[in-house]
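Here is the structure we will look at.
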Amino acid sequence: MKNLESKVADCILEISNDTIIIAGEEYIIPTPTPATLILVSEFISQIPLTDSGNTEKIVYKVLGEAKDLSIIGKIAATLVLGAKRIKERKYKTITNIEETRRWSWKKLRHVTDKTITSTKILEIDYLADKILHELSNADLYNLITDRLNNSQISDFFVLTTSLSEANMLRRTKEVETASGE
């Protein structure tokens with residue numbers, strides 16, 4: 001069992017022993033930080049509001065709104081990478097090899113030409129795209145809910161609520177007394 005100081009140090013440094021494998025790549029999941037929760041909250045605010053009360057036409061609702069929900073990939077990627085790693089703006093290089101075939105009269109056969117192109121993409125965008133293309137809906141759901149359950153949201157809520165209450169207790173207006181103080 002770790003003591004409080006080592007837990008705090010691990011949180012600040014985002015050191016973790018948790019790992020997850022997504023489409024064959026292993027990712028080390030950092031300890032949750034307030035910055036990660038804030039970034040996830042920012043992405044969640046971009047999700048269009050839906051009426052969850054009427055479940056009669058749920059298939060039509062999901063299909064009609066799915067085009068606006070690619071942000072879910074970024075939410076999952078943020079929960080996996082952590083805000084600190086995202087802020088570092090790391091890039092992944094994607095290499096594409098295109099083959100074209102042509103007929104060569106000199107060699108009297110088909111010749112294959114290879115064109116190699118590489119593209120740099122932000123790691124969060126790379127992982128979000130990979131999550132959306134490689135994971136099933138059930139796996140995506142489990143990934144997000146497990147990471148949110150391990151994000152110590154209740155501790156963050158207690159902190160923000162207590163600070164909010166302290167804010168309500170502060171004086172809101174300076175009042176001058178009769179003596180001019």
Apply the Karplus parameterisation 6.51 cos²θ - 1.76 cosθ + 1.60, with θ equal to phi minus 60°, to every residue of segment 127-134 and state each ³J(HN,Hα) to the nearest whole Hz, in sequence, with x for glycine and proline. 5, 4, 5, 5, 4, 5, 8, 10
Starting at the first residue of segment 59-74, write each ³J(HN,Hα) from the Karplus equation 6.51 cos²θ - 1.76 cosθ + 1.60 with θ = phi - 60°, in whole Hz, x for Gly and Pro. 4, 5, 4, 4, 5, x, 9, 4, 4, 8, 10, 5, 4, 4, x, 5
With a 1.4 Å probe and all protein chains kept in place, how do S45, S164 rank by accessible area, largest first? S45, S164
Would you kindly derive the ³J(HN,Hα) couplings of segment 109-121 from the backbone phi angles with the Karplus curve 6.51 cos²θ - 1.76 cosθ + 1.60 (θ = phi - 60°), listing them in order in whole Hz, with x for Gly and Pro? 6, 6, 10, 9, 9, 10, 10, 10, 10, 10, 10, 9, 9
For the pairs K61/K90; K92/K114; K57/K130; K67/K130; K74/K120, note any where the Cα-Cα span goes beyond 26 Å. K61/K90; K57/K130
Between the residues T50, A77, A66, the Cα farthest towards the positive end of the dipole of segment 26-114, that dipole coming from +1 and -1 charges on the beta-carbon of Lys, Arg, Asp and Glu, is from A77
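Take Y60, Y141, Y91 and sort them by solvent-accessible surface of the protein heavy atoms, 1.4 Å probe, largest at the top.
The ranking, largest first, comes out as Y60, Y141, Y91.
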Which distance in nm do the two modelled labels at S164 and S136 give, with both placed 7 Å along the Cα-to-Cβ direction? 3.8
One finds, for R89 and K61 with R0 = 35 angstrom and r their Cβ-Cβ distance, a FRET efficiency to the nearest 0.05 of 0.45
Probe 1.4 Å, all chains present, heavy atoms only: V59 accessible area in Å², nearest 10, is 90
Counting only the backbone N, which residues of segment 105-130 are under 16 Å from the spot 7 Å out from the Cα of I97 toward its beta-carbon? 112-119
5 Å is the cut-off here: which amide hydrogens, built 1.01 Å from N in the peptide plane, fall below it relative to I22, excluding neighbours closer than 5 in sequence? Y27
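The values are calculated or read from the model by the stated rules, or taken from the named source; none is laboratory data. Note that this is a predicted model, so its numbers are computed, not measured. Backbone-built Cβ (ideal geometry, glycine too); neighbour counts: all protein chains shown. When the accessible area is computed, the model is the full protein with side chains, heavy atoms only, and any ligands, DNA or RNA have been set aside. Shrake-Rupley method; radii C 1.70, N 1.55, O 1.52, S 1.80 Å.
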